[in-house]
Structures are given as structure tokens and as C-alpha cells.
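A short write-up of the structure that comes next.
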Amino acid sequence: MSHLSLIRQYFISSIAGLMTATAYANVAIYPVKMQINGDNRQRTTTINLQSSADETPQNYEVRVYKWTQDINGNDVLTDDNQLIISPASFVLEPNSKQVIRMGFKQPISAMNLQKEEAWRIKILPLPDAAKSNGIKYAYGFNIPLFAGKNFKADLSFQLTKDTNNQPIIHAKNLGTGHFQITGFTLQDAKGNSIFTSNEMRYILAQQQIKLSIPALKPQKGLQLIVRTANDQQLKFDIAEQK
């Protein structure tokens, strides 16, 4: 698949992800993925939290973390103050909507980004001391935010082994933009399915992750069918470790 084709299909899936809402325990949040690209000097965006009439009042706080990944693809979250949040805490009443605004202190163009940068916005329920004798579980939300424009992913996949000598697929993103995987299928040279996973992962710009697969016999011509957030399917050849 050409790099241009990958960019075009992934752009479609990204737009679909922006329009999706997620709901837990009578509370919905939208969008579930945010992008601040700096168009028309844009430096802000919003998240909406919507409760149903059946929900009881709930206190929330909002925390911001800079999001990176380590060499093994594990998420690394660090406290960050580049993004201003308002309100940083609030009470969500039944049958109401809370708009959470967030923005950078300076325009995206002034940040001189060399690659897309990423943050995680956590909206966390706070315990209610007055109701501590009752049991009520409230769900929190963890929303990704990306900053930058015209940054693209550039993926490659290699079959290798981990430190326990177990096979893994090493997914590397050499591009300057993120990529989201919502599942994948490993196929042999004849197109027969060997293994299917519904594992959902992000590969941030210039980072790498490891995809777990079962033990398999050495063979040539392996291909990986990757599902995106919009259920697009992208096909990649898998290189063998030399």
C-alpha cells in the first residue's frame, strides 16, 4: 500500500473517531478524541459531558497529562501545565451538560512543533463524603488530545521475538503523526487467517509498540490486516527479523 493511500484512509477514520460518543453509567462524553491543529489561530477545544435524568449529582475533577510512550510502547503520562482547563472541577447534575474548555497558552504556530504532540485528559469522579455509607461506582474518562497539523504516520511491521523468546510483531511509526489500531489479523502468504486480535492501541509519532501473537512456524509472506477506528482495513507486509 502506498504512503498516500495510508494517509487518505487514516484521515477518514480519524474524522469518524472525532464524532463518536462514549457512555458509561448514564453519563456520555463527546468527542472521544480531540485535535487542535491551529487553523485560523485555533488553540482551544471542548469536551461535553452529558448526564441522564437517572444519574445522581457527581463531583468530577479534570487532570491533564503529557502523553508519550517508552521503548516498549507503554504509555507514559506526566503532569503538564501547557494546557489550561476550565473548569478544573465541577458537579454534574442529573439531566444536564457540562462543557469543559481547554486550550494552549500560545498559538500552535508559535509552539514550533517538529511532530504531533499528545496529551491525555482524565475526567475523574470524586468521592462524596456525605454519601460514604452507600456504594456507588462512577466511571472516569480518559480522552486523547493531539496538537499539530499535517503530521502523518508512516508504519512498518516486523516479526521478531521478545526477551522470553516468544514471537511478537514489532510495530514502528517513523512518521510525525499518530496512528490508531483497533484490531488486526495476521495472514499467511495464501491469505489464510492465522490469528485475529481486537487489541486497541495507539502508536504515537516516532514511537513503537509490540503486538502479541501466538507461537507460529517460521514462514515467508506474512501479512498484517490492520483495522482503524473507522473499520477501514489496511494491509501491510511483515518483514522478518534478520
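Where a number appears in this text, it was derived from the coordinates with a stated rule and is not lab data. These figures come from a predicted structure and were not determined experimentally. Cβ coordinates were reconstructed from backbone atoms using ideal geometry, including for glycine residues, and neighbour counts include every protein chain displayed.
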**Item:** Those lysines that a straight Cα-Cα span of less than 21 Å connects to K105, excepting residues fewer than 8 apart in one chain
**Value:** K33, K66, K115, K122, K149
**Request:** With both partners inside the stretch 19-147, how many of the DSSP beta bridges are antiparallel, as a percent to the nearest 5?
**Result:** 95 percent
**Item:** Under 5 Å, built H, 5+ apart or other chain: amide partners of L222
**Value:** I238
**Request:** Give the residues of the stretch 35-68 whose amide nitrogen is closer than 17 Å to a point set 7 Å from the Cα of A110 in the direction of its Cβ.
**Result:** 37-45
**Asked** By how many nm would the segment from N192 to I225 lengthen if fully extended, with 0.36 nm per residue of separation less the alpha-carbon distance?
**Response** 10.7 nm
**Asked** Quick one: Karplus J couplings for the stretch 145-157, per residue in order, coefficients 6.51, -1.76, 1.60, θ = phi - 60°, nearest Hz, x for Gly and Pro?
**Response** 10, 10, 10, x, 9, 6, 8, 10, 7, 9, 9, 9, 10
**Asked** Residue by residue, what Karplus-based ³J(HN,Hα) values in Hz, rounded to whole numbers, does the stretch 159-170 have, using 6.51, -1.76 and 1.60 with θ = phi - 60° and x for Gly and Pro?
**Response** 7, 9, 10, 8, 5, 9, 6, 9, x, 9, 9, 8
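Give a quick list of trypsin sites (Lys or Arg not before Pro) in the stretch 160-191 that DSSP marks as loop, anything other than H, G, I, E or B, with at most 11 other Cβ atoms within 10 Å.
Numbers: sites: K161, K172, K190; in loops: K190.
Answer in residue order: K190.
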